[in-house]
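Comments concern the structure below.
Read the figures in this text as sums done on the coordinates, not as results from a lab. Given the structure is predicted, the values throughout are model-derived calculations rather than measurements. Because the Cβ atoms are built from the backbone with ideal geometry, glycine has one as well, and the counts that use them run over all protein chains shown.
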Amino acid sequence: MSDRMLPYGRQSINDDDIEAVAAVLRGDWLTTGPAVSAFEEAVAEVSGGHPAVSCTSGTAALHIAYAALDIGPGDEIVTTPMTFVATASGATLLGAKVVFADVEEDTALIDPAIVSELVTERTKVVAAVDYAGHPCDYDALQPIADRVGAKTLDDAAHSIGGTYRGRPVGDLADVTTYSFFPTKNLTTAEGGAVVAKDADIARRAKEFHNIGLMRDPQRFRITDEGPWHQEVHEFGLNYRLTDVGAALGLSQLKRLAGFKKRRAEITARYNEAFAGVDGLRTPPQRDDVDPAWHLYPVRVLGGRRREVFEKLRASGIGVQVNYIPVHWHPVFEDLGYRRGMCPNAEQFYAEEISLPMFPDLTDADVDRVIDTLTALVS
């Protein structure tokens, strides 16, 4: 059996992807050209038809989304600690206060019942995270946000291509953000996107990601300039995706259904193998969702997570842990957040290991992971 290191996640690049990028390099545009427009239209199409703004990363997408939602000092966002830090830091950078809601004990998804207890008139956004690719319960979250005049945000960095009660990710919240990092469900190398149901929020997102530049003559304050004229009414940043990345993304989108199918096959293979193994707990799936599995988060019981993690790595199985609870990061600790605030998330973190999960894993690779882990916990 091969002893090569299996990564926990990896991009899947084929000849069509390479040719799509090469075609851009041979052409006239490298950035913010026709490939970007085509990619945004394609992202919108898989997201319920809502306008999409591409950008440089999933982190940028979150920053853009919060800016487009006019988040600022005095505002609060309610979000989960079981996520990458950017879900919270994007709002913090704009001056908002982050309120962490604990997760459901089994799914590690934000718990609507706890969100309901935490929202106030200061809450401007309820930011859910489709952890591992499993959509949250948006039919429960949306009325809670509506009750206090807040917007819902779906951090769908893990879940593009998934569905919830028959609706696609991208159509589940007021605003949705994607990540197209190489380990994600499709890649633009680095990249992301923001999808907004409201046209004005989408416009604000587009302008923020383009340095605040605005070229709409009907909104100009300076009206006596020539056809070159553009204005900045609100500050923004350069978060524009390149045509090179967008061309890769367009090619990858054509393969998304195949990626999703293979990820589901790997998940099923893991679930079946680990179902009866003492010391392991497999991830649940709600009946009303069809996830686009990005991670396979197995839980190692009995306080053995670190031991098992290190032995898997030593065996050439490139596992990962997703994630340290956001409020544990020193930058949040320095703001007064404390351990113990979200016990379900903290217990989940203490047990979680992300096993290799990417479309190019062979069945033999998956069996190698299964055999190695089973032997370690037996």
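Before moving on, here are some points about what is shown:
- Of Gly72, Gly302, Gly191, the one that fluctuates the most in a GNM where the chain has Cα springs shorter than 10 Å: Gly302
- Rounded to 5, the percent of DSSP beta bridges in the chain classed as antiparallel: 60 percent
- Inter-centroid distance (Cα atoms) of the stretch 245-318 relative to the stretch 6-34, Å: 26 Å
- Members of Lys206/Lys260; Lys97/Lys151; Lys151/Lys261; Lys184/Lys261 lying beyond 24 Å, as alpha-carbon distances in this model show: Lys206/Lys260; Lys151/Lys261
- Distance histogram for the chain (every C-alpha pair counted, 20 angstrom bins, percent rounded to whole numbers): 29, 56, 14, 1
- Charged-residue dipole, Cβ positions (Lys, Arg, Asp, Glu), the stretch 1-50 about Cα centre, Debye nearest 20: 240 debye
- Pair Asp200, Arg338: separation of 7 Å Cα→Cβ label points (nm): 4.1 nm
- Neighbour counts of C-beta atoms inside 10 Å place Tyr178, Tyr349 in the sequence Tyr349, Tyr178, starting with the fewest.
- Dipole of the chain computed with +1 at Lys/Arg Cβ and -1 at Asp/Glu Cβ about the Cα centre; of Leu141, Ser12, Pro343, farthest Cα towards the positive end is Ser12.
- Taking other C-beta atoms within 10 Å as the exposure proxy, Met357, Met82 rank Met357, Met82 from fewest upward.
- Approximate spin-label separation Asn14-Asp360, in nm, with each point projected 7 Å along Cα-to-Cβ: 1.3 nm
- Contour minus Cα-Cα distance for Glu105 and Ala350 (0.36 nm per residue): 86.9 nm
- When only the Cβ of Lys, Arg, Asp and Glu is charged (+1, +1, -1, -1), the dipole of the chain relative to its Cα centre reaches about 480 debye.
- Arg306-Leu30 FRET efficiency (beta carbon distance; Förster radius 51 Å; 0.05 resolution): 0.70
- Extent along principal axes [Cα atoms of the stretch 239-334; Å; largest to smallest]: 48, 42, 33
- Cα lying deepest toward the dipole's positive end in the stretch 222-313, options Leu295, Gly249, Gly279, charges on Cβ: Gly279
- Tilt relative to the chain, helix 34-46 - C-alpha long axis, 0 to 90 degrees, to 10: 60 degrees
- Taking other Cβ atoms within 10 Å as a rough exposure proxy, Ile317, Ile324, Ile160, Ile222 sort from fewest to most as Ile222, Ile324, Ile317, Ile160.
- When the chain is treated as a Gaussian network with alpha carbon springs shorter than 10 Å, the biggest mean-square fluctuation among Lys97, Lys197, Lys261 belongs to Lys261.
- Highest mobility in the GNM of the chain, judged by mean-square fluctuation with C-alpha springs under 10 Å and restricted to Arg204, Arg281, Arg313, is found for Arg313.
- Value at 222 nm in deg cm²/dmol, rounded to 500, when DSSP H runs of n ≥ 4 in the chain each add -39,500 (n - 2.57): -11000 deg cm²/dmol
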